[in-house]
Ligand SMILES: Cc1cc2nc3c(=O)[nH]c(=O)nc-3n(C[C@H](O)[C@H](O)[C@H](O)COP(=O)(O)OP(=O)(O)OC[C@H]3O[C@@H](n4cnc5c(N)ncnc54)[C@H](O)[C@@H]3O)c2cc1C
């Protein structure tokens, strides 16, 4: 059996941030990432101003991600719409670009990374790999994100009776997207979900939906659902003129609103394994990055024994942003309250900026 003081499972934003912190401190560790090459994970790709601050602290500049800022938020429900400025500029990025940069930074800092191998199950702080090998660790940083690992899975009850799923299609760069979306993040609300749309570093559109399973079933397959939404919602329809025929990417059973409130000895749950903020808040990656850096710093100070107290503290820190985002998500996915939300946003834009601020992790000022 192999041994390492600190084992990081997963090399997304949470795992990469933890590896960067440990590597910079010269602390021995090992990161296991199941993909051999960096793909383009399903994600809305919206990086808030707070997430950009966290990335800057890691050494990644906003301009390395996308030179074009996102300055405003636009909300739609049926024919209603509202628009206002964001509290501060954000960016849209593909996960290919972000995850690639983060793992590059980790490697430059001297992180020990093994790719193309998955952790199949976890028992306490020992991981069994898909080739049958085992790695025993003093501290295990679980950063497998959207995917649960046997033995340390988030509770099935966290998904609720009508679980949410994520869908994503990429819209090719076009003059239509430039003109209609421009420097905005758009949220198109519909019965049972929402579609977010922003432009990535190459000018393409990232159309990412969170939708209840019941609404998905009623809509047929993912692409059919998106087409139907485009036919019934005029503003969304205008933006879908170049909708490709390629199948949409999908991820099932997203436990929006769940948080790991109780710590376990030696186990640091990071990112989506620590808490899942409803994606319309656009702060999941910020929480993932902050959790990785913060948990690794706690480990450097107190070793594996710091895990329980750290987890409880992180659950307290995410309570407000996740709670408020979950409340807004429930209002947004029901047509009557969604219309009310848009009318309220149009009448009182500062409230939108206030909610945008309250759904961030507490940070430095702002
Ligand atoms: C529809 C949708 C839209 C979203 N939009 C946004 C947005 O616009 N802005 C935002 O900030 N957040 C958004 N999010 C949330 C964001 O995607 C997540 O919060 C974030 O990716 C969590 O980062 P992570 O590092 O915890 O996990 P992930 O990003 O899921 O990374 C996990 C990593 O672990 C690896 N892995 C998984 N299992 C194993 C295993 N068994 N062994 C080894 N490696 C493994 C994976 O390959 C991956 O590289 C969205 C989420 C959804 C579902």
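Numbers below:
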{"quantity": "Footprinting exposure proxy for 216, 285, 1, 41 (fewest neighbouring C-beta atoms within 10 Å first)", "calculated": "1, 41, 216, 285"}
{"quantity": "The chain: most fluctuating residue of 101, 55, 129 per GNM, C-alpha cutoff 10 Å", "calculated": "129"}
{"quantity": "Per-bin percent of Cα-Cα distances, the range 218-295 [5 Å]", "calculated": "3, 12, 16, 15, 13, 13, 10, 8, 6, 2, 0"}
{"quantity": "Cα gyration tensor, the range 95-161 - rounded (a/c under 1.5), prolate or oblate", "calculated": "oblate"}
{"quantity": "Ratio Rg/Rh, restricted to the range 143-211 and using Cα atoms, in which Rh is the Kirkwood radius", "calculated": "1.12"}
{"quantity": "Pairwise centroid distance, computed over Cα atoms, of the range 246-306 with the range 179-200, Å", "calculated": "25 Å"}
{"quantity": "Cα-based helix-to-principal-axis angle, 49-58 vs the chain, degrees rounded to 10", "calculated": "30 degrees"}
{"quantity": "Mean separation of Cα contacts under 8 Å, 6 or more apart, over the residue count of the chain: relative contact order %", "calculated": "23 percent"}
{"quantity": "Inter-probe distance in nm under a simple model that places probes 7 Å from Cα toward Cβ, at residue 153 and residue 221", "calculated": "2.7 nm"}
{"quantity": "Principal-axis tilt of helix 284-302 within the chain, Cα atoms, nearest 10 degrees", "calculated": "20 degrees"}
{"quantity": "Antiparallel %, DSSP beta bridges [both residues in the chain], to 5", "calculated": "65 percent"}
{"quantity": "Helix-only [θ]222 nm of the chain, DSSP H runs n ≥ 4, -39500 (n - 2.57) each, per residue, nearest 500", "calculated": "-11500 deg cm²/dmol"}
{"quantity": "Rounded, prolate or oblate (a/c below 1.5 giving rounded, otherwise prolate when a/b exceeds b/c) for the range 51-104 by Cα gyration tensor", "calculated": "prolate"}
{"quantity": "Folded to 0 to 90 degrees: helix 335-347 orientation relative to the chain principal axis, Cα", "calculated": "80 degrees"}
{"quantity": "Computed over the range 3-146: relative contact order in percent, which uses C-alpha pairs under 8 Å that are six or more apart", "calculated": "39 percent"}
{"quantity": "Euclidean distance of C-alpha centroids, the range 1-66 and the range 128-175, integer Å", "calculated": "15 Å"}
{"quantity": "Rounded to 5, the percent of DSSP beta bridges in the range 81-153 classed as antiparallel", "calculated": "90 percent"}
{"quantity": "Taking the C-alpha atoms of the range 242-335, convex hull volume expressed per residue in Å³", "calculated": "127 Å³"}
{"quantity": "Cα→Cβ-extended label distance, 7 Å offset, between residue 1 and residue 130, nm", "calculated": "2.3 nm"}
{"quantity": "Prolate/oblate/rounded call for the chain, Cα gyration tensor, a/c under 1.5 rounded", "calculated": "prolate"}
{"quantity": "Computed lengthening from residue 242 to residue 336, 0.36 nm per intervening residue step minus Cα-Cα distance", "calculated": "30.8 nm"}
{"quantity": "Max mean-square fluctuation residue, GNM over the chain, Cα-Cα springs under 10 Å, options 310, 340, 329", "calculated": "340"}
{"quantity": "Once the Cα gyration tensor of the range 1-158 is diagonalised, semi-axes √(5λ) in Å", "calculated": "33, 20, 13"}
{"quantity": "Cβ-derived FRET efficiency at R0 30 Å, residue 63 paired with residue 297, nearest 0.05", "calculated": "0.70"}
{"quantity": "Mean separation of Cα contacts under 8 Å, 6 or more apart, over the residue count of the range 88-163: relative contact order %", "calculated": "19 percent"}
{"quantity": "Using distinct alpha-carbon pairs, which all enter the 1/r mean, Kirkwood radius of the range 195-245 in Å", "calculated": "11.7 Å"}
{"quantity": "In nm, spacing of pseudo-spin labels at residue 351 and residue 175 (7 Å Cα→C-beta vector)", "calculated": "3.9 nm"}
{"quantity": "Max mean-square fluctuation residue, GNM over the chain, Cα-Cα springs under 10 Å, options 259, 319, 120", "calculated": "120"}
{"quantity": "Shape box of the range 167-322 [Cα atoms, principal axes, largest first, Å]", "calculated": "55, 33, 26"}
{"quantity": "Cut-off 12 Å, label 7 Å out along Cα→Cβ of residue 115, residues of the range 159-175 by amide N", "calculated": "none"}
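The numbers here are math on the coordinates, done by the rules we state, and not lab data. Keep in mind that this is a model prediction, so the values were computed, not measured. A quick note on method: Cβ atoms are made from the backbone with ideal geometry, for glycine too, and the neighbour counts reach across all protein chains shown.
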